[in-house]
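Q: My questions all concern the structure below.
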Amino acid sequence: MSSTEIVKSLQNQHVKDAIALQTNKHRMAEEACLVVGEKAIEEAQKAGWQAKRYFFRDDVLTPESFAAGKPWQIASNAVLKAIAETESAPSVVAIFHLPASTKPLTLEELPFPQSSRETLLVLDGIQDPGNLGTLFRTAVAFGVKQVLLILPMADAYASKVIRSSTGLQFRLQIHAIRHEETHAVLKALSQKGWHPYLADAFDESQVTPLYLHKVKSLPKHPMAVVLGQEGQGLRLTEADKQAFLILSVAMCDEAESLNVAITGSLILHHLYSLKCASGKGTP
């Protein structure tokens with residue numbers, strides 16, 4: 001259906017189907033997700049994702065060309081806000097099919113490094129959609145190509161996550177793995193050729209950490225930078241941590257820890273700066 005008639009009812013079946021995709025259960029069942037806003041939708045399109053349906057605000061003049069032959073409807077501001085879960089009505093919301101590449105992997109299917117200087121971002125149980133989207137956006141900004149999610153955690157394809165990443169997450173290869181202990185995942189990554197670096201606050205009970213500011217040159221091996229969930233940190237025992245390098249950000253004694261998205265940004269920026277200094281980065 002492609003119509004200029006304005007859809008005003010939340011009981012419209014297409015609207016109800018779209019709103020249902022706000023839950024992880026329905027996203028998995030329908031293998032689809034919501035993408036809000038022109039920029040994020042354009043990123044999804046560029047990444048080759050296939051749209052299922054579009055909902056446009058009535059002041060968008062060229063829905064036919066933007067939808068590129070896919071079904072579309074004009075919706076009222078109230079309907080668009082309900083679908084997008086935003087305070088103001090976006091110009092467009094789309095439903096996209098989730099590609100097969102979004103399905104969780106097994107340990108055996110974990111990716112190999114693509115180069116000796118590659119950095120893999122590993123996110124262990126991140127719960128906040130805003131933090132997750134920010135980490136995706138940061139990963140793109142600082143040259144990371146692949147991200148591994150250790151489930152359970154926030155859904156990478158929740159609309160709030162996509163909105164926080166401004167759609168840049170569609171430029172990443174995002175892998176997920178479920179039903180595995182974090183230690184087993186890191187061990188499997190080591191066997192694939194990655195060297196895990198655990199982003200963890202300094203603890204006197206731990207071996208002496210490697211402070212970020214003391215990293216003066218890029219390691220000559222692929223790095224897996226591992227960040228844990230807000231508040232609780234990495235899902236590892238203290239004994240588990242001893243098998244891996246601890247990477248800490250120096251801070252004042254008054255502060256116990258940093259927000260996980262800020263920690264990730266500091267680490268990835270530092271590594272990217274070293275890459276640029278060595279002539280391997282963009283600047």
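Q: Name every residue in the stretch 130-144 that is of a type in the set (A, V, I, L, M) and within 9 Å of the chain's Cα centre (by Cα), in order of residue number.
A: 132, 135, 139
Q: Further question on the same structure: When the residues of the stretch 210-227 are narrowed to those that are over 24 Å from the mean Cα position of the chain (by Cα), closer than 11 Å to residue 247 by Cα and touching a residue at least 24 places away in the same chain (Cβ under 8 Å), which ends up surrounded by the most Cβ atoms within 10 Å (Cβ to Cβ)?
A: Looking at the filtered set, the residue picked out is 215.
Q: May I ask you to verify whether residue 49 is under 26 Å from the mean Cα position of the chain (by Cα) and either of a type in the set (D, E, K, R) or surrounded by 18 or more Cβ atoms within 10 Å (Cβ to Cβ) (or both)?
A: yes
Q: Within the stretch 4-29, can you find the residues that are surrounded by 11 or more Cβ atoms within 10 Å (Cβ to Cβ) and under 11 Å from residue 75 (Cβ atoms)?
A: 6, 7, 8, 9, 10, 12, 14, 15, 18
Q: Residues to consider are 183, 175; find the one that is of a type outside the set (A, V, I, L, M, F, W, C) and farther than 25 Å from residue 270 by Cβ.
A: Sole residue among the options that is of a type outside the set (A, V, I, L, M, F, W, C) and farther than 25 Å from residue 270 by Cβ: 183.
Q: Against the condition among the aliphatic types (A, V, I, L, M), over 22 Å from residue 183 (Cα atoms), surrounded by 14 or more Cβ atoms within 10 Å (Cβ to Cβ) and out of contact with any strand residue (DSSP E or B) (no Cβ under 8 Å at 6 or more places or on another chain), how does residue 271 come out, does it pass?
A: Here the answer is no, as residue 271 does not meet what is asked.
Q: Looking at 50, 45, which is the one that is in the same structural domain as residue 70 (by TED's automatic domain parsing) and either out of contact with any Phe, Trp or Tyr (no Cβ under 8 Å at 6 or more places or on another chain) or without any contact (Cβ under 8 Å) to a residue 24 or more places away in the chain (or both)?
A: Unique residue meeting the criteria: 45.
Q: Taking the residues in the stretch 228-276 that are of a type in the set (Ser, Thr, Tyr) and assigned to a helix (DSSP H, G or I) as candidates, determine which candidate is nearest to the chain's Cα centre (by Cα).
A: Among those that are of a type in the set (Ser, Thr, Tyr) and assigned to a helix (DSSP H, G or I), it is 265.
Listed here are the residues, each with its yes/no results for (1) part of a loop (DSSP other than H, G, I, E, B); (2) touching a residue at least 40 places away in the same chain (Cβ under 8 Å).
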{"site": "113", "(1), (2)": "yes, yes"}
{"site": "120", "(1), (2)": "no, yes"}
{"site": "136", "(1), (2)": "no, no"}
{"site": "157", "(1), (2)": "yes, yes"}
{"site": "162", "(1), (2)": "no, yes"}
{"site": "170", "(1), (2)": "no, yes"}
{"site": "174", "(1), (2)": "no, yes"}
{"site": "180", "(1), (2)": "yes, yes"}
{"site": "186", "(1), (2)": "no, yes"}
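Q: For the stretch 51-108, which positions are small (Gly, Ala, Ser), more than 30 Å from residue 193 (Cα to Cα) and either out of contact with any strand residue (DSSP E or B) (no Cβ under 7 Å at 6 or more places or on another chain) or not in a helix (DSSP H, G or I) (or both)?
A: 51, 65, 68, 69, 75, 76, 78, 82, 88, 89, 91, 94
Q: Name the residues in the stretch 209-227 that are touching a strand residue (DSSP E or B) at 6+ places or on another chain (Cβ under 7 Å), modelled with pLDDT of 90 or more and assigned to a loop (DSSP other than H, G, I, E, B), would you?
A: Of everything in the stretch 209-227, those that are touching a strand residue (DSSP E or B) at 6+ places or on another chain (Cβ under 7 Å), modelled with pLDDT of 90 or more and assigned to a loop (DSSP other than H, G, I, E, B) turn out to be 221, 222.
Q: Would you say residue 75 is over 21 Å from residue 164 (Cα atoms), hydrophobic (A, V, I, L, M, F, W, C), more than 27 Å from the chain's Cα centre (by Cα) and surrounded by 14 or more Cβ atoms within 10 Å (Cβ to Cβ)?
A: Spelling it out, residue 75 is indeed over 21 Å from residue 164 (Cα atoms), hydrophobic (A, V, I, L, M, F, W, C), more than 27 Å from the chain's Cα centre (by Cα) and surrounded by 14 or more Cβ atoms within 10 Å (Cβ to Cβ).
Q: On the basis of being among the hydrophobic types (A, V, I, L, M, F, W, C) and out of contact with any Pro (no Cβ under 8 Å at 6 or more places or on another chain), does residue 84 make the cut?
A: no
Q: Also, quick follow-up: Within the stretch 131-143, identify whether any single residue is of a type in the set (D, E, K, R) and more than 16 Å from residue 43 (Cβ to Cβ), and answer yes or no.
A: The answer is no, given that none of the residues of the stretch 131-143 is of a type in the set (D, E, K, R) and more than 16 Å from residue 43 (Cβ to Cβ).
The values are calculated or read from the model by the stated rules, or taken from the named source; none is laboratory data. Bear in mind the structure is a predicted one, so any value in this text is a computation, not a measurement. Note that we place each Cβ from the backbone using ideal geometry, even for glycine, and neighbour counts take in every protein chain shown.
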